Amino acid sequence: MSSTSTPAPGFPGAGAHGEERPGKIDAVPVRHPWRVVAVVVIAIFVAQLVRLLLTNEAWNWKLVFAIMFQAPVLEGLLLGTIVGTIFAMILGVGLGVLFAVMRLSDNPVLSRVAWFFTWFFRAIPRYVLLFIMGTLGILFPLSSGGLTVGVPFGDLIAKLFGLHGDLSFFNLDANQLFSSLLGGIIGLGISEAAYMAEIARAGILSVDPGQREAASALGMSNAMAMRRVVLPQAMRVIVPPTGNETIAMVKDTSLLLAVPVNSELFFQVRAIGARLFQVFPAAVAASLWYLIICSLLMIVQVQLEKKFGKGFGQKAPSPNAYKAAMLRLRGGGGGMGGV
Amino acid sequence: MNQPLVHAVNVHKDFHGNEVLKGIDLDVESGEVVCLLGPSGSGKTTFLRCINQLETIQGGRIWVDGELAGYVEKKGKLYRLNDKQIAHQRREIGMVFQRFNLFPHMTAKENVMEGPVKVKGLSKGDAAKRADELLARVGLEDRAGHYPAQLSGGQQQRVAIARALAMQPKLMLFDEPTSALDPELVGEVLTVMKELAEQGMTMIVVTHEMGFAREVADRVVFMDGGVVVEQGPPAQVIDNPQHERTQSFLSRIRTENEEYAEALAIRTAAEAL
């Protein structure tokens, strides 16, 4: 309070009794003329787009909606696109986290196997990988029993001990297995796992090493510390890019055609479009479905980010405040990437 | 039968050829409060971390409560314990870190409950009751539902102490528990530690707080260059150090403290103006 009676010398109005002290700031804001120009230009483009959408006959909106709800299209949407995405992502995330943990393990064999996996499946284009999946049956021809599930090297062991048979439990038709939706899901899933491994590894590494030490000091085993302390915190970093990966996977299910799997959204829509000589409305119908699914996924992603952001969103009067804020920014950035 | 709670003999530790501990001998009796002093790089924090096996030692032996840390000896041969067995040994030892290391995704109460529930298999109800008692003991019963990011540094450190106590340890290790705190928050943490000492907890404290060491410690151990230079009652080591290295360290600390006190006094005076 004493400072009010001793104003700084040289300050305008300072010291003089009865003179008014500077009050509320009421200034003229900076003008932004180019913003107006930008809005006008954009408005012109939007108006043209609306006119194109409403008046151009080629859209054939009636046909678009009719195609969207055809039985084979709905079946393709459900099977290839939705079920395919769900199971490929389950496989991808599960294997990805496993490979991330292996990669960070002290065991050099585990670590190198994980590195090799990532290297291999990241290098091969998804389309090519799915094509290979479809032809993989050639390695296990039916004439020699197809794909055999049994004791490893069972045929050699049987031969060694002079036994009949090959110690197998059952045989599968590899051609059928690999060139089905299951084969496609395996292909998409292992390809995804290579990317998820890197995402999960980054997430695990983002957790302060002190967290693991604190867990150890409480008497937790390494596995429990990973499960209870490290992974829940890593999830905050893992979820946003995983959301992006899931949205990308929805779109990549259109590659299932390479297997070939034809109960898939884009193939079915295109087939109808080709039959009717109305390719464009068919493409629009597919786009609308992809837009709808990806919008729903974005809602799920926001919910997941909230769940795993627990304890990080709050105002933080601590040395960790800055770090938490940076992480929040990073998380938010990833989320925006999905928009 | 009257063995010390911590019995460390000829402990050696090196990080990639850089020798940090060069043969530490230290016994800590049950109920004793020992403060480890020394310049940074003297190995005091490393030695503390060796006691609960956050670091593995390359030579010597450490026994905690009569149990050899990290190994079992059979017919004169040492066998390394596995991850789970080492985790089991650590249950007896509570540790408080310089940077608190609370679990940020759990509330204060969940932090305190985590060990008893997940490691000891206590029921959630019992663990919650114990957590409430412990949070009250460190004066934070009204912060049970707060996440660490919503607490001040001093409050976080007190929760961390409660979390360690929830495992009902025989020994508490403190690794510079007040070094990361704003000066005005140091007192509340030291008060909790002092109460703990008065209740008879065995404590090993790495600290630069001379006032705390003088007042609370039964014994002060001065380390430098990976060896114990001098040890004894605080009155002897702090006020009448025998060794030249201890003397120079303490005078340096004193100068720093005086400079700090002076700066604080100037700031306080400036604020009052």
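Here are the numbers:
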{"read-out": "Phi to ³J(HN,Hα) by Karplus 6.51 cos²θ - 1.76 cosθ + 1.60 over segment A:133-138, Hz, x for Gly, Pro", "value": "3, x, 9, 5, x, 5"}
{"read-out": "Among A:54-60, A:129-135, the order from most to least packed when residues are scored by Cβ within 10 Å on average", "value": "A:129-135, A:54-60"}
{"read-out": "Spin-label model distance (nm) - A:Val46 vs A:Leu291, 7 Å beyond Cα toward Cβ", "value": "1.5"}
{"read-out": "Radius 10 Å from Cβ of A:Glu245, net charge of other residues (Lys, Arg +1; Asp, Glu -1)", "value": "-2"}
{"read-out": "Amide H partners (placed H, <5 Å) of B:Gly23, local residues excluded", "value": "B:Val11, B:His12, B:Lys13"}
{"read-out": "Distance violations [Cα-Cα > 24 Å] among A:Lys310/B:Lys84; B:Lys74/B:Lys170; A:Lys307/B:Lys124; B:Lys22/B:Lys84; B:Lys84/B:Lys170", "value": "A:Lys310/B:Lys84; B:Lys74/B:Lys170; B:Lys22/B:Lys84"}
{"read-out": "Calculated from backbone phi, Karplus (6.51, -1.76, 1.60) coupling profile of segment A:190-206 in Hz, x at Gly/Pro", "value": "6, 5, 5, 4, 5, 6, 5, 4, 5, 5, 5, 5, 4, x, 5, 5, 6"}
{"read-out": "Selected from B:Leu78, B:Leu68, B:Leu36 as most flexible by GNM, with chain B as the system and alpha-carbon contacts under 10 Å", "value": "B:Leu78"}
{"read-out": "FRET efficiency, 1/(1 + (r/R0)^6) with R0 51 Å, evaluated for A:Ala202 and A:Asp173 via beta carbons", "value": "0.80"}
{"read-out": "Residue among A:Ala202, A:Ala282, A:Ala158 with the largest mean-square fluctuation in a Gaussian network model of chain A, springs linking Cα atoms under 10 Å", "value": "A:Ala158"}
{"read-out": "Proximal charge balance of A:Met89 [Cβ under 14 Å; K/R count +1, D/E count -1]", "value": "-1"}
{"read-out": "Other-chain or far-sequence residues with amide H under 5 Å of B:Thr202's (modelled H)", "value": "B:Gly31, B:Met172"}
{"read-out": "Likely footprinting exposure, A:Phe312, A:Phe170, fewest C-beta neighbours within 10 Å first", "value": "A:Phe170, A:Phe312"}
{"read-out": "Within chain B, percent of DSSP bridges classed antiparallel, to nearest 5", "value": "60"}
{"read-out": "Average partner coverage of B:113-123, which counts Cβ from other chains inside 10 Å", "value": "3"}
{"read-out": "In order through segment A:294-300: 3J(HN,Hα) via Karplus (6.51 cos²θ - 1.76 cosθ + 1.60), integer Hz, x for Gly, Pro", "value": "5, 5, 4, 5, 5, 5, 4"}
{"read-out": "Other-chain or far-sequence residues with amide H under 5 Å of B:Leu37's (modelled H)", "value": "B:Val221, B:Phe222, B:Met223"}
{"read-out": "The protein assembly as shown: antiparallel DSSP beta bridges as a percent of all, rounded to 5", "value": "60"}
{"read-out": "Net charge, A:Ala282 excluded, C-beta distance under 10 Å - Lys, Arg +1, Asp, Glu -1", "value": "+2"}
{"read-out": "Exercise: per-residue mean of other protein chain Cβ atoms within 10 Å, A:262-269", "value": "0"}
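No value in this document is a laboratory result; all are computed from the given coordinates. On a predicted model such as this, the values are computed, not experimentally measured, just so you know. Note that we place each Cβ from the backbone using ideal geometry, even for glycine, and neighbour counts take in every protein chain shown.
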